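Below: one structure, written as structure tokens.
The values are calculated or read from the model by the stated rules, or taken from the named source; none is laboratory data. Just so it is clear, the structure is predicted and the values come from calculations on it, not from any experiment. Ideal geometry is used to build each Cβ from the backbone, glycine not excepted, and the neighbour counts take in all protein chains shown.
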Amino acid sequence: MGVLPIGTGNAFARDLGLQPGDWRKAVDILAEGRQRRVDVGQVTAGLDRFYFLNIIGLGFVVDAARTAARLKRLGNSAYTFAALWQALKLKSLSVTLEADGRTIEHDAIFVEISNTRYTGTHFLIAPSARMDDGFLDVTLLRKLPRWRLLWLFPSIYSGGHVNFDEIQVIRGRQIRIRHPAGCSLIVDGEFRGETPAEVTCLPQDLAIFCS
């Protein structure tokens, strides 16, 4: 598979060294023909089964993505403005998930399950994630006051948010989202499926062109 960074977010492309809009470099990479194998996330939600390369999330991130879709004319800034807007309407979810058999329960603002480091173009949501290590990185933001979220927000650009007490990071090969039920999921920028869901890492299951 080849990647052209011509979307709104281009988060997966950033981990390949491609900046948004840098389609000429992407075409050169395709022409060179070098490849690497990367992990793939498999999602089972009810009777639906689908896959992702970048990230899957629920909660605040779904609401922010819906807002960003209405702000595409702002380009790469759409996700930042959308996140700040949703922070004004902050709400939490009672979340229960399992990571390789370990149960985690929290009132959470969002849960993101990452195969790569970035989301929304510039947000370094999972700084330790690697797309070929056989693991998925779970980032969970616990319930917090609105002012605290706004104070923490700038750190997501550098990945420093993972050092705050309200953030929990878990790594696993198989993640089960047990509760809440009926929550929409955002999958590589698309809305698909709802909880409960099972997310599995398929190690190095796909070959992609890379520099």
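Data for the structure
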| read-out | value |
| --- | --- |
| Residue in segment 134-154 that is surrounded by fewer than 16 Cβ atoms within 10 Å (Cβ to Cβ), among the small types (Gly, Ala, Ser) and more than 18 Å from residue 202 (Cα to Cα) present | no |
| Verdict on residue 205 being at pLDDT 95 or above, surrounded by fewer than 16 Cβ atoms within 10 Å (Cβ to Cβ) and part of a strand (DSSP E or B) | yes |
| Hey, residue 95 farther than 24 Å from residue 149 by Cβ, among the β-branched types (Val, Ile, Thr) and more than 13 Å from the chain's Cα centre (by Cα) or not | no |
| Residue in segment 160-169 that is of a type in the set (Asp, Glu) and in a strand (DSSP E or B) present | no |
| Checklist (1) of a type in the set (Gly, Ala, Ser); (2) in contact with a Gly (Cβ under 8 Å, 6 or more places away or on another chain); (3) surrounded by 14 or more Cβ atoms within 10 Å (Cβ to Cβ); (4) modelled with pLDDT under 95 applied to residue 99, failing item | (4) |
| So residue 85, is it in contact with a helix residue (DSSP H, G or I) (Cβ under 7 Å, 6 or more places away or on another chain), surrounded by fewer than 18 Cβ atoms within 10 Å (Cβ to Cβ), of a type in the set (Phe, Trp, Tyr) and over 26 Å from residue 196 (Cα atoms) | yes |
| Residue match in segment 115-131 (condition: buried (at least 16 other Cβ atoms within 10 Å of the Cβ), more than 22 Å from residue 77 (Cβ to Cβ) and among the aromatic types (Phe, Trp, Tyr)) | no |
| Tally of residues being assigned to a strand (DSSP E or B) and either hydrophobic (A, V, I, L, M, F, W, C) or closer than 15 Å to residue 175 by Cα (or both) across segment 28-38 | 1 |
| Selected residue (criterion: modelled with the lowest pLDDT) from residues of segment 1-51 that are among the hydrophobic types (A, V, I, L, M, F, W, C), out of contact with any helix residue (DSSP H, G or I) (no Cβ under 8 Å at 6 or more places or on another chain) and closer than 20 Å to residue 68 by Cα | 11 |
| Any hit, segment 173-187, residues being touching a strand residue (DSSP E or B) at 6+ places or on another chain (Cβ under 9 Å), in contact (Cβ under 8 Å) with a residue 12 or more places away in the chain, assigned to a helix (DSSP H, G or I) and crowded, with 17+ Cβ neighbours inside 10 Å | no |
| Spans of strands (runs of 3 or more DSSP E) in segment 48-145 with at least 2 residues over 18 Å from residue 184 (Cα atoms) and touching a residue at least 24 places away in the same chain (Cβ under 8 Å) | 93-99, 102-114, 136-142 |
| Which listed residue is buried (at least 18 other Cβ atoms within 10 Å of the Cβ) and of a type outside the set (Gly, Ala, Ser), from 4, 53 | 53 |
